[in-house]
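**Q** This is the structure I want to talk about, given as structure tokens.
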Amino acid sequence: MPPPKDVVKIAIQMVGAIPQLIDLQQTKPLASVLKDVCDAWSLPNAERYALQYVDGRQTYITESNRGEIKNGSILRLTTSPDQEAEQLYSGIQSNNSDVKTDSLKKLASLSQDVTFAQEFINRNGLKQIFYIVEEGNDTGEMLAHTLKAFMELMEHDFVSWETLSAAFIKKIVSYVNMNAVDASVQQLSLSILENMVPTSRLLFDLVKKEVTLDRLLTHLQVTNAQLQLKAMALLIALLLAATDAERRDMMDYLREKNIRQFIHKNIIHSSEPLGDEMAHYLYVLQSVSLNLCERRMRTSMDPYSQEQRELLQSLRQTAFESESESPASNFSTERRRSLCAKEFRKLGFVNNSNPAEDLRRAPPGLLALDNMVYFSRHTPNAYSRFVLENSSREDKHECPFARSSIQLTLILCEILHVGEPCSETAQAFYPMFFGQDHFFEELFCICIQLVNKTWKEMRATQEDFDKVLQVVREQITRTLSLKPTSLELFKTRVNALNYSEILKLRQTERLHQEETLAVPVLELRERLKPELLELIRQQRLLHLCEGTLFRKISSRRRQDKLWYCRLSPNHKVLHYGDVEEGVRSPPIESLPEKIPVADMKMLLVGKECPHTKEKSSGKQNKDVLELAFSIVYDVEEYCLNFVAPTRYEFCLWTDGLNVLLGKEMTSERTQTDLDVLLSMELKLRLLDLENISIPDTPPPVPKPPSNLNFCYDFSHAEQ
């Protein structure tokens, strides 16, 4: 007979005593349970004790979290959180430096527990930590433990960051700005400032003023990877919290200081592999930089703006400079206007009498004009060649420079996600972005010449304009997917991917599709599907056995904390637990928390997950919604919440968990993998039928013969 739902079998340990095996009644008050345990060991004053998990984060058991205790859990009888908080509060005030350091070290460890943290903060413990920082001169181990404890206590959100005193903040800033400080102290100080920046405008202004960009750049140039990472985190936090004008000024200053070249040389092409956190920060830096184009992209041309009209006229003058040298001043106003209209038509403007009208559409707005002007000024030979070459063609065969530039700018904005908010988890940046100043404009210069090249290869006319730009978009996206490390390499590869290559790729894809649509092939596909789906199931379970590193995402910021989850080799238990930065594949024994697969009830994804309901529904959390999933387990229906690092991991984990639950795999990755495997298998099976057309219907079965006398009777032969 199974035990009642409100009873769990657990073990309780105590140093120097024989462990107790008890049936914990969840309906019984915790104080009564503790008294029974203390009485069994003849311990007085049961109120001075508490139960705590032996493994993992060693969380204290309270009335609010006792429901999470599982059968087979091992607990420890230890000093109660209020007693521990009282002792440590006294210990950190000790005049003995050893006692004080040990107390601060223990405080940093215990502060991860929410129950202890509340007890310590209720005793005004933070005030004592402020005093140690503000009045102390230590810059070594003791200070590192103090700052670590402060970070852990603030993590629970009992106290607002805005309540910090100016003296405390200035002291933290001084550790960042000093040279002769322990690296661990500087790392923690940078993390504290990173947490402060998004909470209020006042704190942002204070940190921005006290910690200069020059100082952050100095920290970025150290060899200590963790210090480099924390400096980058603070830089990104400042950029995200700044106003548009401040962000523009900061990016201009960073450009002057050659941060791009430094990142390209010393971070991207470092001998050390690039970590996920740094990859995310580089993605954000790229996104913030590209989003500086958004204002121009969303601004229509003002036909009454003198500056904008001059930019427009400069395009005409650069292209037709020799022709403009003729004594135009002798022409009448009407003649001059007619000449300008003719030249703007040659430039490819649709509305040649008023070319400003072409730039009224936003996006791409003024950004298209900026790109055209940049192209004409920085590559004047290529610009003149483009315009004059098309001027000499027949009207219907000329490639319109201005119209192409406007559409190409829009395409590049869409591909590079200009104007879109930064993702909280994305890590996909283009290495070549950091290898080139004026990246967007330089990319445009390469791609506008590609438009002209593709136009000629397609022998296009004005009616083919959209088709040409569609091919160009495909050329750009296919080349960017190869992650070229420099614009030169991008230029080489995108030019090699000419129109005939695109046609070959399309034809291959079309032929493959036609082959797979024949009736006999479709029947074979259906026969092969179960076997291949089983192969995919095994691969998903194998991936879960290898495990994945997940990040803890809060509504306030991207967390530094990591945890790992993996499936046991026998597919019966999910193991998980917190891990340190840099740990790639922890052994299964080091993951203390467990969920039996038999206890798993269902899988939730996206908006159904409890941890996404707690978050705001703004644009910045859209990517979290797409990567979130939760496992509902046990009778009480607890949830283990995940935010996958990538869409790929999301698909593999949700598929794997569905397999464990005995359900169908539903991710888009399943269909992709199935298509790839079916394609390979079909090609192997149909290898002998190459160049042989497969009929849609099977050949008719011949009629049976009129008699079967041709059969040999062996029985007569034996006689």
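The values are calculated or read from the model by the stated rules, or taken from the named source; none is laboratory data. Bear in mind the structure is a predicted one, so any value in this text is a computation, not a measurement. Quick reminder, even Gly has a Cβ in these numbers, built from the backbone with ideal geometry, and neighbours come from all protein chains shown. Calculation scope for accessible area: heavy atoms of the full protein, side chains included, ligands and nucleic acids excluded. Shrake-Rupley method; radii C 1.70, N 1.55, O 1.52, S 1.80 Å.
**Q** Condition check: farther than 15 Å from Leu75 by Cα and surrounded by 13 or more Cβ atoms within 10 Å (Cβ to Cβ). Does Leu51 satisfy that?
**A** It is false that Leu51 is farther than 15 Å from Leu75 by Cα and surrounded by 13 or more Cβ atoms within 10 Å (Cβ to Cβ).
**Q** Applying the selection to region 240-298, what residues are of a type in the set (D, E, K, R) and touching a strand residue (DSSP E or B) at 6+ places or on another chain (Cβ under 8 Å)?
**A** Within region 240-298, the subset of a type in the set (D, E, K, R) is 244, 246-249, 252, 255-257, 260, 265, 272, 276-277, 294-296, 298.
Matches in region 240-298: Asp276, Glu277.
**Q** Report whether or not Asn352 is assigned by the TED database to the domain that holds Tyr304 and closer than 23 Å to Ser338 by Cα. It would help to see each step written out before you state the result.
**A** Numbers: assigned by the TED database to the domain that holds Tyr304: yes; closer than 23 Å to Ser338 by Cα: yes.
Spelling it out, Asn352 is indeed assigned by the TED database to the domain that holds Tyr304 and closer than 23 Å to Ser338 by Cα.
**Q** Within region 421-439, is even one residue in contact with a Pro (Cβ under 6 Å, 6 or more places away or on another chain) and open to solvent by less than 20 Å² (accessible area, probe 1.4 Å)? Before the answer, list the steps.
**A** If we filter region 421-439 for residues that are in contact with a Pro (Cβ under 6 Å, 6 or more places away or on another chain), which is where we start, we get 432.
Those still in the list that are open to solvent by less than 20 Å² (accessible area, probe 1.4 Å) too: 432.
Yes; the residues of region 421-439 include at least one that is in contact with a Pro (Cβ under 6 Å, 6 or more places away or on another chain) and open to solvent by less than 20 Å² (accessible area, probe 1.4 Å).
**Q** Quick check on region 209-217. Is at least one of its residues open to solvent by less than 70 Å² (accessible area, probe 1.4 Å), at pLDDT below 90, among the polar types (S, T, N, Q) and more than 23 Å from Gly419 (Cβ to Cβ)?
**A** Among the residues of region 209-217, not one is open to solvent by less than 70 Å² (accessible area, probe 1.4 Å), at pLDDT below 90, among the polar types (S, T, N, Q) and more than 23 Å from Gly419 (Cβ to Cβ), which makes the answer no.
**Q** Sticking with this one: From the set of residues in region 85-105 that are touching a helix residue (DSSP H, G or I) at 6+ places or on another chain (Cβ under 6 Å), in a helix (DSSP H, G or I) and not hydrophobic (A, V, I, L, M, F, W, C), which is farthest from Asn122 (Cα to Cα)?
**A** Checking each candidate, the answer is Thr101.
**Q** Something else now. So is Tyr175 in contact (Cβ under 8 Å) with a residue 24 or more places away in the chain, hydroxyl-bearing (Ser, Thr, Tyr) and either surrounded by fewer than 17 Cβ atoms within 10 Å (Cβ to Cβ) or under 26 Å from Pro645 (Cβ atoms) (or both) or not? I'd like the intermediate steps shown before the answer.
**A** On the way: in contact (Cβ under 8 Å) with a residue 24 or more places away in the chain: yes; hydroxyl-bearing (Ser, Thr, Tyr): yes; either surrounded by fewer than 17 Cβ atoms within 10 Å (Cβ to Cβ) or under 26 Å from Pro645 (Cβ atoms) (or both): no.
It is false that Tyr175 is in contact (Cβ under 8 Å) with a residue 24 or more places away in the chain, hydroxyl-bearing (Ser, Thr, Tyr) and either surrounded by fewer than 17 Cβ atoms within 10 Å (Cβ to Cβ) or under 26 Å from Pro645 (Cβ atoms) (or both).
**Q** Still on this model: If I go through region 340-386 residue by residue, how many of them are buried (at least 17 other Cβ atoms within 10 Å of the Cβ) and either free of Cβ contacts under 8 Å to residues at least 24 places away in the same chain or aliphatic (A, V, I, L, M) (or both)?
**A** So the first thing to find is which residues in region 340-386 are buried (at least 17 other Cβ atoms within 10 Å of the Cβ), and the list is 340, 343-349, 352, 355-356, 358-359, 363-376, 379, 383, 386.
Cutting the leftovers down to either free of Cβ contacts under 8 Å to residues at least 24 places away in the same chain or aliphatic (A, V, I, L, M) (or both) gives us 345, 347, 352, 356, 359, 366-369, 372-373.
Final tally of qualifying residues: 11.
**Q** With of a type outside the set (Ser, Thr, Tyr) and either farther than 22 Å from Ile172 by Cα or not assigned by the TED database to the domain that holds Leu193 (or both) as the only criterion, which of Glu86, Glu141, Glu152 stands out?
**A** Details: Glu141 fails: either farther than 22 Å from Ile172 by Cα or not assigned by the TED database to the domain that holds Leu193 (or both); Glu152 fails: either farther than 22 Å from Ile172 by Cα or not assigned by the TED database to the domain that holds Leu193 (or both).
None of the others qualify; the one that does is Glu86.
**Q** Could you tell me which of the residues Leu528, Leu542, Leu503, Leu482 is within 26 Å of Glu398 (Cβ to Cβ) and either in contact with a strand residue (DSSP E or B) (Cβ under 6 Å, 6 or more places away or on another chain) or of a type outside the set (Asp, Glu) (or both)? Break it down into steps so the answer makes sense when it comes.
**A** Values: Leu528 fails: within 26 Å of Glu398 (Cβ to Cβ); Leu542 fails: within 26 Å of Glu398 (Cβ to Cβ); Leu482 fails: within 26 Å of Glu398 (Cβ to Cβ).
Within the list Leu528, Leu542, Leu503, Leu482, the selection yields Leu503.
**Q** Right, next: Of (1) under 19 Å from Ala108 (Cβ atoms); (2) assigned by the TED database to the domain that holds Phe130, Gln52 satisfies all except one. Which?
**A** So the condition that Gln52 fails would be (2).
**Q** Would you check which residues across region 116-135 are touching a residue at least 40 places away in the same chain (Cβ under 8 Å) and buried (at least 20 other Cβ atoms within 10 Å of the Cβ) and list them? Let's see the steps before the verdict.
**A** Filtering region 116-135 down to residues touching a residue at least 40 places away in the same chain (Cβ under 8 Å) leaves 116-118, 125, 132.
Residues satisfying the conditions are Phe116, Ala117, Gly125, Ile132.
**Q** Residues in region 178-208 that are modelled with pLDDT under 90, among the aliphatic types (A, V, I, L, M) and open to solvent by 30 Å² or more (accessible area, probe 1.4 Å): how many?
**A** Residues meeting the conditions: 3.
**Q** Hey, among the residues in region 57-113 that are hydrophobic (A, V, I, L, M, F, W, C) and open to solvent by 40 Å² or more (accessible area, probe 1.4 Å), which one's farthest from Val185 (Cα to Cα)? Show your work before the answer.
**A** The first filter runs over region 57-113 and keeps only residues hydrophobic (A, V, I, L, M, F, W, C), leaving 61, 69, 74-75, 77, 85, 88, 92, 99, 104, 107-108, 110.
Of the ones still in play, those that are also open to solvent by 40 Å² or more (accessible area, probe 1.4 Å) are 74, 99.
Numbers: Ile74: 36, Val99: 20 Å.
Checking each candidate, the answer is Ile74.
**Q** Now for a separate question. Can you pull out the helices (runs of 4 or more DSSP H) entirely within region 288-371 that have at least 3 residues that are at pLDDT below 85?
**A** Numbers: elements: 294-297, 306-319, 321-324, 333-346.
Once the helices (runs of 4 or more DSSP H) in region 288-371 are filtered for at least 3 residues that are at pLDDT below 85, what remains is 321-324, 333-346.
**Q** Another question about this same structure. Considering only region 384-406, state which residues are at pLDDT 85 or above and not in a helix (DSSP H, G or I).
**A** Result: Glu398, Cys399, Pro400.
**Q** I would also like to ask the following. Check whether at least one residue in region 685-695 is open to solvent by 60 Å² or more (accessible area, probe 1.4 Å), part of a loop (DSSP other than H, G, I, E, B) and at pLDDT 75 or above, and report yes or no.
**A** So far as region 685-695 goes, no, none of its residues is open to solvent by 60 Å² or more (accessible area, probe 1.4 Å), part of a loop (DSSP other than H, G, I, E, B) and at pLDDT 75 or above.
**Q** For a quick check of your reading of the model, give me the residue pairs whose first member lies in region 477-489 and is more than 11 Å from Phe433 (Cβ to Cβ), whose second is charged (D, E, K, R), with beta-carbon atoms closer than 6 Å and at least 6 apart or on different chains.
**A** If the second residue must be charged (D, E, K, R), the pairs left are Thr479/Arg493.
**Q** Then there's this: Is it the case that region 261-278 has a residue that's open to solvent by less than 30 Å² (accessible area, probe 1.4 Å), assigned to a loop (DSSP other than H, G, I, E, B) and over 24 Å from Pro421 (Cβ atoms)? Before the answer, list the steps.
**A** Step one: filter region 261-278 for residues open to solvent by less than 30 Å² (accessible area, probe 1.4 Å), giving 263, 267, 275, 277-278.
Add one more test, that the residue is assigned to a loop (DSSP other than H, G, I, E, B), and what stays is 275.
Applying the additional criterion that residues be over 24 Å from Pro421 (Cβ atoms) yields none.
No, region 261-278 contains no residue that is open to solvent by less than 30 Å² (accessible area, probe 1.4 Å), assigned to a loop (DSSP other than H, G, I, E, B) and over 24 Å from Pro421 (Cβ atoms).
**Q** Name, by its number, the condition in (1) without any contact (Cβ under 8 Å) to a residue 60 or more places away in the chain; (2) farther than 27 Å from Glu68 by Cα; (3) surrounded by fewer than 17 Cβ atoms within 10 Å (Cβ to Cβ) that does not hold for Thr646.
**A** Looking at each condition in turn, Thr646 falls short on (1).
Listed here are the residues, each with its yes/no results for (1) touching a residue at least 60 places away in the same chain (Cβ under 8 Å); (2) within 19 Å of the chain's Cα centre (by Cα).
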| site | (1), (2) |
| --- | --- |
| Ala628 | no, yes |
| Asp634 | yes, no |
| Phe642 | yes, yes |
| Trp653 | yes, yes |
| Gly656 | yes, no |
| Leu661 | yes, no |
| Gln671 | no, no |
| Asp675 | no, no |
| Glu681 | yes, no |
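**Q** Please work out which residue is farthest from Val114 (Cα to Cα), limiting yourself to region 1-52 and to residues that are in contact with a strand residue (DSSP E or B) (Cβ under 6 Å, 6 or more places away or on another chain) and assigned to a loop (DSSP other than H, G, I, E, B).
**A** Pro19
**Q** Please go through region 350-369 and pick out each residue that is among the acidic types (Asp, Glu) and under 12 Å from Gln308 (Cα atoms).
**A** none
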